[in-house]
Structures are given as structure tokens and as C-alpha cells.
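Taking it in order: structure first as C-alpha cells, then the write-up.
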Amino acid sequence: MERTLSIVKPDGVRKNIVGEVIGRFEKAGLQVIALKMAHLSKAEAEGFYAVHSKRPFFGSLTEFMCSGPVVLMALEGPDAIKKVRDMMGATDPAKAAQGTIRKDFADSIESNIVHGSDAPETAGFEIPYFFSALETMRR
Ligand code: GDP
């Protein structure tokens, strides 16, 4: 069993595909263990993407991430991190494989609908960034 953090980014919420994205994860055998909507502040988006702070797109990316509400979720299942990454597709939708979320719905390398943790250490930072221990407790 593994846990990962996924986000339906502001463009996904604007396009009314929150249910579509969560439905794809559920159909792939992943369980939603925590879920909430939030409108991130600039500081919150900057903290989340701190690893990218030196990249030229950091300002634009963090503006985009607080341009509207997002849906935050922790998912659990066998191989959850790779499963979500495979379903998301490449960062640039032009390079994403057929049938992936980004290929089907994303407009650009920045507005690419969905986030998923890229490694266990990343998930270990990202899940508690948004959810408390109580919110992600198995009951
Ligand atoms: P991911 O793991 O596929 O989400 O990609 P990265 O961790 O490399 O980048 C994080 C996010 O930054 C991406 O999902 C995009 O929203 C954005 N991003 C990545 N590369 C670029 C870029 O070259 N230009 C812009 N404007 N945004 C980018």
C-alpha cells in the first residue's frame, strides 16, 4: 500500500472535470482517503512548489496555482504514486500519451489539470503539507 497527493489544479476545476479526474483514480483501484477544496494563497503555492523556486516558470506557476480553487486529495492503493503519474501523462500535454488526463484535457505545459507526487519522499512532504494526521487517519 502506498499514498500519494493529487491536486485537480484551477484549470481542472474551471473545466468541470473534478469528478472525471477523481473517477479515473477510483476506477484504477485507488481510494480517496482525504479530500478538500481550497483556494491557495501565493505563499501557500510557493511553499508547495519550493523545489521549483529557481526555475524560470516559478512565478507564473504559483500565480496559476492560486488563480482559482483547487481540489486536494490523498489517495491510497498498491503502487499509488506510479499509477497516478501514469494516468496523468507527461507534463507537456503535447507529449502526453493517448488516454492520459493531460492528453485528454490539458491546454499547456503549465495549465495541465492535475498534480501527482513523483516519489515516496515527495508524497511524504506533500500529504502533510495540506492534511493533518487526523484527516489522513485510517478509521
Ligand atoms: P509534473 O511533475 O509533471 O507536474 O512536472 P514538474 O514537477 O516538472 O513541474 C511542476 C509543474 O510546473 C507542472 O505540472 C506545470 O504546471 C509547471 N511547469 C513545468 N514545466 C513548465 C514549463 O516549462 N513552463 C511553465 N510555464 N510551467 C511549467
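No lab work stands behind these numbers, since they all come straight from the coordinates. Every value quoted in this text rests on a predicted model; they were computed, and no experiment measured them. FYI the Cβ positions are ideal-geometry reconstructions off the backbone, even for glycines, and counts take in every protein chain you see.
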- prompt: What net charge is computed for the residues neighbouring Val18, neighbours being all others with C-beta under 14 Å from the C-beta of Val18, Lys and Arg scored +1, Asp and Glu -1?
  reply: +2
message: Helix-only estimate, please: 222 nm mean residue ellipticity of the chain, summing -39500 (n - 2.57) across DSSP H runs of length 4 or more and dividing by its residues, to the nearest 500.
response: -10500 deg cm²/dmol
- request: Output ³J(HN,Hα) for the stretch 63-71: one whole-Hz value per residue in order, computed from phi by the Karplus curve 6.51 cos²θ - 1.76 cosθ + 1.60 with θ = phi - 60°, and x for Gly and Pro.
  value: 4, 4, 5, 10, 7, x, x, 10, 10
message: Applying a 10 Å radius around every beta-carbon, put 77-89, 28-40, 4-16 in order of their mean neighbour count, most first.
response: 4-16, 77-89, 28-40
- prompt: Toward the positive end of the charge dipole of the stretch 1-135, about the Cα centre and with charges on Cβ (Lys, Arg +1; Asp, Glu -1), which of Ile113, Val51, Val71 goes farthest?
  reply: Ile113
task: Any chance you could list the semi-axes, whole Å, largest first, of the equivalent ellipsoid that the Cα gyration tensor gives for the stretch 34-81, using √(5λ)?
output: 23, 15, 8
message: At a threshold of 8 angstrom on Cα-Cα distance, excluding pairs fewer than six apart, so keeping six or more, what relative contact order does the stretch 21-85 reach in percent?
response: 51
statement: Amide H neighbours of Val114 at under 5 Å, excluding residues fewer than 5 places away on the same chain, with H built from the backbone geometry, are Lys9
field: Relative contact order (percent, whole number), the chain, Cα cutoff 8 Å, 6+ residue spacing
entry: 36
- prompt: the chain: Rg/Rh from Cα coordinates, Kirkwood Rh?
  reply: 0.93
query: With the chain treated as a Gaussian network of Cα nodes joined by springs under 10 Å, which of Arg55, Arg102, Arg24 yields the largest mean-square fluctuation?
result: Arg55
statement: At the level of C-alpha centres, the distance separating the stretch 12-63 and the stretch 112-132, in angstrom, is 9
field: J(HN,Hα) series, the stretch 30-45, from Karplus relation 6.51 cos²θ - 1.76 cosθ + 1.60, nearest Hz, glycine and proline x
entry: 8, 10, 6, 10, 7, 7, 7, 9, 8, 10, 5, 7, 4, 5, 5, 5
- line: For Ala34, the residues 5 or more places away or on another chain with a placed amide H closer than 5 Å to its own amide H are Ala74
